[in-house]
Amino acid sequence: MTGAALIGVLDYAAVAIFALTGALAASRSQLDIVGFIFVAALTATGGGTLRDIILDRVPLWVSDPAILAVATVAAVVVFLFAHRLESRYRALEWLDAVALAIAVAAGVGVALAAGMGWPVVLVMGMVTGCMGGLMRDVVCNEVPLVLKQGELYVTCAFAGALVAVGLLALGAAGWIALTACAGVTLVLRAGSLALGWRLPVYRSRPPKPESPKR
Amino acid sequence: MTGAALIGVLDYAAVAIFALTGALAASRSQLDIVGFIFVAALTATGGGTLRDIILDRVPLWVSDPAILAVATVAAVVVFLFAHRLESRYRALEWLDAVALAIAVAAGVGVALAAGMGWPVVLVMGMVTGCMGGLMRDVVCNEVPLVLKQGELYVTCAFAGALVAVGLLALGAAGWIALTACAGVTLVLRAGSLALGWRLPVYRSRPPKPESPKR
Amino acid sequence: MTGAALIGVLDYAAVAIFALTGALAASRSQLDIVGFIFVAALTATGGGTLRDIILDRVPLWVSDPAILAVATVAAVVVFLFAHRLESRYRALEWLDAVALAIAVAAGVGVALAAGMGWPVVLVMGMVTGCMGGLMRDVVCNEVPLVLKQGELYVTCAFAGALVAVGLLALGAAGWIALTACAGVTLVLRAGSLALGWRLPVYRSRPPKPESPKR
């Protein structure tokens, strides 16, 4: 499989799975079917669109509107069948973990193909992986997974992208680096969800009363 | 009237009316006059700017700064006279409905002029119509109209854009398609506001206690 | 010092100080070290990236990734030493004031160098100055400084940019205009923080019970 084809497959897969998570968030906000499709499409395309705008590429869904059909189908499926899930939030978290892993690899691949240096490749992996879910959570008023205390999230994306950059520097083939990137991201995120892996968080005195949190 | 001139008029009209809604939201947040202008300009230009960035066009207000003057005047008018309104929120909702209808048509027109296919035309109509108001609501900490349960909002934009695409496919003239687009969007939104029209929303078991909403 | 070099220095300085404020906000949200870096980099580059996307320039950190290293170092410093601060919120406010002043001048300089007219120069000064901090506050769930009642914020950015535009129209050299811009912005913001300077805010009847704030 060529590099470009692999990136295409990764983008499609991330779109489909992120769309499922967007639709699950819409179900928790009790939206109607058009709202499901809206949030699903926003989640599915948000990170990649931001990546493409920064790199001055045409966003994938503008050149290939089939992406929008994928997100729509995912939204309809969730609208019809989400009530069968034992815990929609748990499903959202795990699907999000898979989509995160794939999207980080896709972001890394696109930035490499655009000839970026390694710091920009790292950032683009994180942007593509994290920003769609962040938009979903802000719009649906959920606690952003990106910022949930005591869980690895951005860290997983960072570690995955770092592994890809390191392997490429050592001369590995592109598809090996991208596969390792997705694998490391997924394993770390799964370890955080299932086993509670985490980094130490900042602890200090509580915020002062004169500066209340919103 | 040529297509380009019609799109220009639509953009100006949407800017002025969205700016009024932004200033009304600012009045509900009790900002000062510069805050009024800030929120008015953000609401007025947000959706169109996002559309233009995605389509790689120069945003309207960069090439034609008179747009900013329109938003500023609207903000000053609201700052001086909003206290005369019986209900500022009701005024915000109805002005937003008119601006939504015009902006969807403007977005559809711009995407058509850029030679986009119909799926992208649909999305650009929705982006131009909905995103400025969404930014206003997020910044002013209002419940986003886009996501209010039991009301049609994104659905109206979608239906209006769909009517335009359908009429064009049947060979209608551009100005007829755009007028029908704005009309359908406005009638549906007005029906939702005044008569309670709505789609069935997703209902299921309540969210689990272990996954609290923010 | 040439204009381009001055703009470069201003961008670096604003990045470093905004990164400190982002890391302080991360400390108030008790994130881990990667979360500190994420919020620091978002705050540091958010306003400038938005400016560059609107003006169709390559964002600074894409062409010069050392920017990302600056933000990372600032995040690590805060992670290690923030607990020594008497009031992290107070430090955040004052650092933000300095960064605001520098970033407004940087935004004005970039828009002038891109040959924009004065209304766009004004807006770019405000966008570069205010948007990074707004993103920080939205992501960290703080009350946006941009919108805090009874404080000058957007107004300071506006006044600073206006002074620069006025001085240039009177024939002043670029570096004088940019220095005056930063000075006016900082003095106004400091006066607001320390002495309570403010504009009259909009006051009216309270919002109606049928339209609750989120």
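Seen from residue B:136, the other residues with C-beta closer than 12 Å to its C-beta sum to a net charge of -2, counting Lys and Arg as +1 and Asp and Glu as -1. Placing pseudo-labels 7 Å out from each Cα toward the beta carbon at residue B:148 and residue B:73 gives an inter-label distance of 2.9 nm.
For the protein assembly as shown, the Cβ-based charge dipole about the Cα centre amounts to some 1760 debye (Lys, Arg positive; Asp, Glu negative; other atoms uncharged). Modelled spin labels at residue B:141 and residue A:80, positioned 7 Å past Cα toward Cβ, are 4.3 nm from each other.
With a 10 Å cut-off around each Cβ of B:37-47, the average count of Cβ atoms from other chains is 2.
I need to check one value: relative contact order of region C:3-195, counting alpha carbon pairs closer than 8 Å and at least 6 residues apart, in percent.
Computed over region C:3-195, the figure is 25 percent.
Of the residues C:125, C:146, C:36, the one whose Cα sits farthest towards the positive end of the charge dipole of chain C is C:146 (charges of +1 on Lys and Arg Cβ, -1 on Asp and Glu Cβ, taken about the Cα centre). Charge dipole of region B:3-195 (Cα centre as origin; +1 on each Lys and Arg Cβ, -1 on each Asp and Glu Cβ, all else neutral): 200 debye, rounded to the nearest 20. When both region B:124-168 and region B:22-78 are represented by their alpha-carbon centers, they are found 17 Å apart.
The order of the peptides A:99-110, B:40-51 by mean Cβ neighbours within 10 Å, most packed first, is A:99-110, B:40-51.
The mean number of partner chain beta-carbon atoms within 10 angstrom of a residue's beta-carbon across peptide A:87-95 is 2.
Of all the options B:200, B:119, B:144, the one that moves most in a Gaussian network model of chain B with Cα springs shorter than 10 angstrom is B:200.
Taking every residue in C:22-29 and counting other chain Cβ atoms within 10 Å of its Cβ, the average works out to 3.
Of all chain B residues, the closest to the B-onto-C rotation axis by Cβ, with that distance in whole Å, is B:53, 3.
Which number comes out as Rg/Rh for the protein assembly as shown once both Rg and the Kirkwood Rh are worked out on C-alpha atoms?
On the way: Rg = 23.6 Å, Rh = 25.0 Å.
When Rh is taken as the Kirkwood radius, the ratio is 0.95.
Which value, in nm² and rounded to one decimal, describes the direction-averaged projected area of the C-alpha convex hull of region C:3-195?
Details: hull surface 40.6 nm².
Here the figure is 10.1 nm², rounded to one decimal.
Taking A:157, A:111, A:19 as the candidate residues, the one with maximal mean-square fluctuation in a Gaussian network model of chain A, Cα springs under 10 Å, is A:111.
Scanning chain A for DSSP H helices at least 20 Å long along the axis (C-alpha atoms) with a Kyte-Doolittle mean no lower than 1.6 picks out A:66-81, A:154-169. Exposed loop sites, defined as GluC sites (Glu not before Pro) outside DSSP H, G, I, E and B with at most 11 other Cβ atoms within 10 Å, are absent from the longest region of chain B, namely B:87-209.
Read-outs throughout are calculated quantities, based only on the coordinates presented, and are distinct from any laboratory measurement. Keep in mind that this is a model prediction, so the values were computed, not measured. As a convention, Cβ positions derive from the backbone with ideal geometry for all residues, glycine included, and neighbour counts pool all protein chains shown.
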